[in-house]
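Enquirer: Right, I'll just put the structure down here and ask away after.
Every number in this text was worked out from the coordinates using simple rules, so none of it is lab data. Computed from a predicted structure; not experimentally measured. Methodologically, a virtual Cβ is constructed for each residue, glycine included, from the backbone with ideal geometry; neighbour enumeration extends over all protein chains shown.
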Amino acid sequence: MNYRHSFHAGGFTDVLKHVALCELMRLLTAKDKKLFVLDTHAGAGGYDLAAGSTQRTGEAQTGFLRLASASRGGMPPAFARYVTAVLAYDRKFGRPSGAKSDGAPTIRHYPGSPRLIRAALRPGDRLVACELHPQDALALKREFAGDRAVEVRQADGYKALKALLPPAERRGLILIDPPFEAADEFDRLLRALRQGLRRFATGCYAVWYPIKERHADEFVQELAALRPLMLELRLADAEPGKLTACGLAAINPPWRFEEAMREALPWVAAQLGADATARVEASMLPS
Ligand SMILES: C[S@@+](CC[C@H](N)C(=O)[O-])C[C@H]1O[C@@H](n2cnc3c(N)ncnc32)[C@H](O)[C@@H]1O
């Protein structure tokens, strides 16, 4: 396991995933019923953007930080709420979020998915966060030490899908966000997802995936059979060898999620560059 999410924290791939995640959490917690959340590949919980790994790739600079520097007034509501959640996490570190001379926010600490989920939980809701890498699992355990709403497991997230579904709450969000290091990750994910759906058909599933090889086309076609709402973000001007496109499939998303994403993602793409594009479609054919 070589993948470390700290190299990619706050990059455009996190932006797509986390803007969608924040909106899913907001809509799913609007109903007065308890919610269970499973984050199968949780990462370390939070990331110091001043750390060497994050600095080296500079992904946050061209991702979250670039987008957050747009005028707040012009941001689509779902994106503005995501920015608010990120700034709130940064403020936990006791240092007021900075601002550049033009008033744009600068942050040092960027939240991972379990932190964004935790911020949206209500009393009685719960999160199980799985992370296999020993160092990141330890960081995650430290991040949520003493928090009774969050259970951190150093465990295989795919096995947790089988073990924990269906949840007692009968309402749940399952985020599946693997590193895609292994050649069989697409197949493993699809198998686990189908099994999850058999056990808990009414759950809301959010699956992030990279779009870089032929693998992704086949994967997207297999996913489409599960009738998700598919979100896609593509950069046009990234360097060769770098990931330039990614997607997120939302199965059983709550009402109004599609509307919010149709509003937010074209705006995100426009800020990321003249040739960047976004798509939100019920059944997406590879382009
Ligand atoms: C893309 S990162 C997760 C980022 C996180 N979801 C976020 O949005 O902040 C993928 C993580 O999955 C972990 N991982 C890899 N294989 C795993 C498995 N089978 N089960 C659980 N975690 C795994 C990696 O160590 C890595 O930290």
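Enquirer: Can you list the residues, at least 5 places off or on another chain, whose amide H is less than 5 Å from the amide H of VAL37, using H built in the peptide plane?
Expert: Counting only residues 5 or more places away or on other chains, the set is ARG126, LEU127, VAL128, LEU173.
Enquirer: Which aspartates and glutamates, on any chain, are close to LYS162 with Cα under 18 Å apart, when same-chain ones fewer than 8 places away are left out?
Expert: Partners found: ASP39, GLU131, GLU151, ASP177, GLU185, ASP187.
Enquirer: Only Cα pairs under 8 Å and at least 6 apart count here; give the relative contact order of segment 84-232 as a rounded whole percent. Display every interim value, and only then the final one.
Expert: Values: 132 pairs, mean separation 22.9, N = 149.
Reported as a whole number, the value is 15 percent.
Enquirer: Just to be sure I understand the model, the point goes 7 Å from the Cα along the line to the Cβ. What's the resulting ALA149 to ALA201 distance in nm?
Expert: 3.2
Enquirer: Just to be sure I understand: of the beta bridges DSSP finds with both ends in the chain, what percent are antiparallel, rounded to 5? Could the numbers behind the result be given before it?
Expert: Numbers: 22 of 38 bridges.
Among the beta bridges of the chain, antiparallel pairing accounts for roughly 60 percent.
Enquirer: Right, next: Read phi for every residue in segment 170-187 and hand back ³J(HN,Hα) as whole Hz from Karplus 6.51 cos²θ - 1.76 cosθ + 1.60, θ = phi - 60°, with x for Gly and Pro.
Expert: Calculated HN-Hα couplings, in order: 6, 9, x, 10, 10, 9, 10, 9, x, x, 6, 8, 7, 4, 9, 4, 4, 5 Hz.
Enquirer: On a full-extension model of 0.36 nm per residue, what is the gain between GLU218 and ARG170, subtracting their alpha-carbon distance, rounded to one decimal in nm? Working shown, then result.
Expert: Numbers: separation 48, 0.36 × 48 = 17.28 nm, distance 3.14 nm.
My answer for the length gained is 14.1 nm.
Enquirer: Moving to a separate point now. How high is the relative contact order of the chain, in percent, counting Cα pairs under 8 Å that sit 6 or more residues apart?
Expert: Details: 525 pairs, mean separation 64.3, N = 287.
With pairs under 8 Å counted, the relative contact order is 22 percent.
Enquirer: Using a Gaussian network model on the chain with a 10 Å cutoff between Cα atoms, which of PRO240, PRO114, PRO253 fluctuates the most?
Expert: The residue with the greatest mean-square fluctuation here is PRO240.
Enquirer: Rounded to the nearest Å, what's the spacing between the alpha carbon centres of segment 208-237 and segment 149-181? Just the number, please.
Expert: About 22 Å separates the Cα centre of segment 208-237 from the one of segment 149-181.
Enquirer: Now a separate question. Take ALA183 and ALA270, extend 7 Å from each Cα along the Cα→Cβ direction, and tell me the distance between the two endpoints in nm.
Expert: 4.4
Enquirer: Okay, next question. Tell me, what HN-Hα J-couplings in whole Hz come from the Karplus equation 6.51 cos²θ - 1.76 cosθ + 1.60 at θ = phi - 60° for each residue of segment 13-20, using x for Gly and Pro?
Expert: Each residue of segment 13-20 in turn: 5, 5, 4, 4, 5, 7, 5, 5 Hz.
Enquirer: A further question on this structure: Which whole-number percent is the relative contact order of segment 205-285 (Cα, under 8 Å, 6+ apart)? Each step should come with its number before you reach the end.
Expert: Numbers: 134 pairs, mean separation 32.8, N = 81.
In percent, rounded to a whole number, it is 40.
Enquirer: Show me, for segment 31-42, the HN-Hα J-couplings you get by feeding each phi into the Karplus relation (A = 6.51, B = -1.76, C = 1.60, θ = phi - 60°), rounded to Hz, glycine and proline as x.
Expert: 8, 7, 9, 5, 10, 10, 10, 10, 9, 6, 10, 8
Enquirer: Sticking with this structure for a sec: Can you give the translational diffusion coefficient of segment 1-157 in µm²/s, computed by Stokes-Einstein from the Kirkwood radius over Cα pairs at 10 °C and 1.306 mPa s? Please list the in-between numbers first.
Expert: Values: Rh = 16.0 Å.
For the chosen part, D equals 99 µm²/s.
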